[in-house]
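J.: Dropping a structure here in C-alpha cells format, bear with me for questions.
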Amino acid sequence: MNLERYHCHEDITEIMWEKIDIIIETYKNTPGAVITVLRECQNIVGYLPCELIDHIAAGMNLPGSEIFGVASFYSLFSLTPKGRHTIKVCTGTACYVKGIRESVSRIENEYNLKEGQTTDDQRFSLECVRCLGACGLAPVMVVGDDTHGDIAAENVIKILDDYK
Ligand code: FES
C-alpha cells in the first residue's frame with residue numbers, strides 16, 4: 001500500500017504509519033469499520049491527531065468530516081494527547097455518597113486539571129466515569145491499571161505521588 005502522506009506529525013513515527021496503513025488496508029472495504037479503524041489507530045498512537053484522521057479518511061475513501069464526526073462523538077476516542085497516567089475517578093452513586101467529589105477537587109487543585117484535560121507536563125489525564133463496577137470498594141479511583149479503593153480525600157495526592 002502506498003498512501004501518500006500529506007502531513008507528518010511529530011507523535012507518529014514511521015513504524016506507526018506502517019502499522020496504521022496495514023489497518024486501513026485491512027478494513028478499507030469493510031462497511032461500518034470506521035470505529036474499529038479509529039480504535040486500532042488510537043491504540044498505536046495514543047490519540048487521534050487531525051493528520052491521522054485525514055490519513056484515515058483518504059485511505060478509506062471517506063470524507064474527513066465523517067471520520068472526524070465519529071472520532072469526536074464517541075468518548076472512547078481522544079483528539080488530544082493523553083497523559084502518561086489516566087486517572088479515572090468514579091462519580092457513580094456509591095462513590096458519590098462516600099465523598100468522591102472532595103478527592104476530585106483536590107486533584108483538580110493540585111494539578112490544575114479539570115475533567116477531560118491533561119496536565120501540561122503530560123503526567124496525568126483526568127476522567128470522571130460512572131460506576132467502575134467496584135462499588136464495594138467505594139470510593140474508587142483507577143490510575144492506569146491500578147484500582148484504588150476506599151480512598152480518603154486527604155490521601156489522594158499521596159497516592160498519585162507514586163505516578164511520575
Ligand atoms: S459507584 Fe463507584 S464503583 Fe460503583
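None of the figures in this text is laboratory data; all of them are computed from the coordinates on show. The model shown is predicted, which means the values in this text are computed figures rather than measured ones. As a convention, Cβ positions derive from the backbone with ideal geometry for all residues, glycine included, and neighbour counts pool all protein chains shown.
J.: Sum -39500 (n - 2.57) across every DSSP H segment of at least 4 residues in the chain, then divide by the residue count to get the 222 nm mean residue ellipticity, nearest 500.
T.: On the way: 7 runs with 70 residues, N = 164.
For the chain, the value works out to -12500 deg cm²/dmol.
J.: Taking the chain as a Gaussian network, where each spring joins two C-alpha atoms under 10 Å apart, which residue of 144, 32, 64 fluctuates the most?
T.: The residue with the greatest mean-square fluctuation here is 32.
J.: Based only on other Cβ atoms within 10 Å, what is the fewest-to-most ordering of 96, 111? Write out the running numbers ahead of the final one.
T.: Numbers: 96 15, 111 20.
So the residues, fewest neighbours to most, are 96, 111.
J.: Here's something else I'd like to know. Which of the aspartates and glutamates could a cross-linker bridge to residue 82, judged by Cα under 13 Å and excluding same-chain residues fewer than eight apart?
T.: Result set, ordered by chain and number: 11, 115, 120, 121, 127.
J.: Apply the Karplus curve 6.51 cos²θ - 1.76 cosθ + 1.60, θ = phi - 60°, to the phi angles in segment 53-61 and return the couplings in whole Hz, x for Gly and Pro.
T.: After applying 6.51 cos²θ - 1.76 cosθ + 1.60, I find 4, 4, 5, 5, 4, 4, x, 9, 6 Hz.
J.: I need to check one value: relative contact order of the chain, counting alpha carbon pairs closer than 8 Å and at least 6 residues apart, in percent.
T.: Numbers: 222 pairs, mean separation 30.4, N = 164.
Relative contact order of the chain: 19 percent.
J.: Please order 14, 127 by the number of other Cβ within 10 Å, starting at the fewest. Spell out each step's value before the answer.
T.: Details: 14 8, 127 17.
Fewest-to-most ranking of 14, 127: 14, 127.
J.: Then there is this: Here is the link list: 114/158; 88/158; 28/88; 88/164; 114/164. Which ones come out longer than 26 Å on Cα distance?
T.: Values: 114/158 19 Å; 88/158 16 Å; 28/88 33 Å; 88/164 16 Å; 114/164 19 Å.
Where the Cα-Cα span goes over 26 Å, the pairs concerned are 28/88.
J.: Then there is this: Could you check the spin-label model distance between residue 119 and residue 39? Points 7 Å from the Cα along Cα→Cβ, value in nm.
T.: The answer from the label model is 3.0 nm.
J.: Which far-off residues, 5 or more places away or on another chain, put their amide H under 5 Å from the one on residue 48, with H placed in the peptide plane?
T.: Under 5 Å from the amide H of residue 48 lie the amide H atoms of 78, 79, 80, each far enough along the sequence or on another chain.
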